[in-house]
1. Suppose the filter is touching a Phe, Trp or Tyr at 6+ places or on another chain (Cβ under 6 Å) and not aromatic (Phe, Trp, Tyr); does GLY150 pass it?
2. Evaluate region 175-182: report whether one residue or more is in contact with a helix residue (DSSP H, G or I) (Cβ under 9 Å, 6 or more places away or on another chain), among the polar types (S, T, N, Q) and loosely packed, with under 12 Cβ neighbours inside 10 Å.
3. Out of the residues in region 111-153 that are open to solvent by less than 50 Å² (accessible area, probe 1.4 Å) and polar (S, T, N, Q), which is farthest from ALA44 (Cα to Cα)?
4. Can you say whether SER43 is over 19 Å from the mean Cα position of the chain (by Cα) and open to solvent by 50 Å² or more (accessible area, probe 1.4 Å), as far as the supplied structure shows?
5. Go through LYS33, LYS20 for me and flag whichever is closer than 28 Å to LYS114 by Cβ and either open to solvent by less than 40 Å² (accessible area, probe 1.4 Å) or under 16 Å from the mean Cα position of the chain (by Cα) (or both).
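The values are calculated or read from the model by the stated rules, or taken from the named source; none is laboratory data. All of these numbers come straight from a predicted model, not from anything done at the bench. FYI the Cβ positions are ideal-geometry reconstructions off the backbone, even for glycines, and counts take in every protein chain you see. What goes into the accessible areas is simple: the full protein's heavy atoms, side chains included, and nothing from ligands, DNA or RNA. Shrake-Rupley method; radii C 1.70, N 1.55, O 1.52, S 1.80 Å.
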Amino acid sequence: MIFDPKVGALYGDDGVFIKKVSCPLALHPDQLKMINDRERFCSACQKTIYRIDDMSDVELRQAVDEDKNICVFATPHAKNITILEKLGRGDENTNNYPVIQTLRSLESMVAAQKNGFLVLIKDVGVSPPFGEDKFIVMQQNETGEIWWSGDYRTSLFDKALEDKVEDFDAYRDEHWTIVRNWFFSRRDQPFPLAAYAVPKDLQPGDRVFLSDVIEEVKHVFWNQGNAQKILFISATWNGKDFEIDQPAWTRWVG
C-alpha cells in the first residue's frame, strides 16, 4: 500500500484509491486504548480501530467494502506500507517546547473548541472547482464556536432557532464571521482549511513547536531565492497568531 500524508489518502500498490485516513479528532495511535496487537479502542467515537501493518491490499479493500467508515492505523513497523515523504524541511523540537496540534478536519476543529482550545483557522489553499463535498464555515466572534454546513438547505438561521434568537440579522452580522463561504473539497486533495489548537492559557511571547505547519512559509537556502516549505518548526505566540522561526542555515564544504 501507499500512503500520501499530504492528503491523508491510502492507495493500493496499483495506485488505486482505497480510503481516506484522517481521524476527525486528530488523534494518534498512542492515544488509543490497546485491546490487542491488532486492535485499539477510541473512547471518543466508541469504535474499534484496526491495525493494518500486516494487511494486504486485498484484505483492506474487503474490509472497506464491508464497512465504509472503518478506522485504521499503522505503526512504524508496517513493512507493506510506503509512506510518501513530504517535501520541505524544518528544525526539531530540541528545546522541548509545548507542541501545538494541527487540525485538518472540521470535526476535529469543532471538538477542539468544545474542549477549551482557541481554534485558529487558516486557508490551506485554493479549493477545487468541484468535489465530492461542499461546505460553508463560520466562527462565533466571542466564543470561537464553529458552525458549518454541507447542505445548501441548511443555514445559520437553523442555528439561530436552536439558540432562540429573535433578531437573526443582528445575530449573524454582529456575532459570526464567515471563515470561508461555500467551497468544494476532494479526497485526492488537502482539505482547504486547517487550524491550530491553541491552549487558552498560552501567553504572548510563549515559545511553542508547530509539528505540522499550515502556512506556506518558505526557507530560502540559496542566495538566488531557491526555497523549500517549512514543515515543522518552533514559533512564538504573539496573542493573535504564531510568528514562525526560520530554520538555521546549514553550511558545508566538500
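1. Yes: the conditions hold for GLY150.
2. Checked region 175-182: no residue is in contact with a helix residue (DSSP H, G or I) (Cβ under 9 Å, 6 or more places away or on another chain), among the polar types (S, T, N, Q) and loosely packed, with under 12 Cβ neighbours inside 10 Å.
3. Per the stated criteria, the residue is SER127.
4. yes
5. The match here is LYS20.
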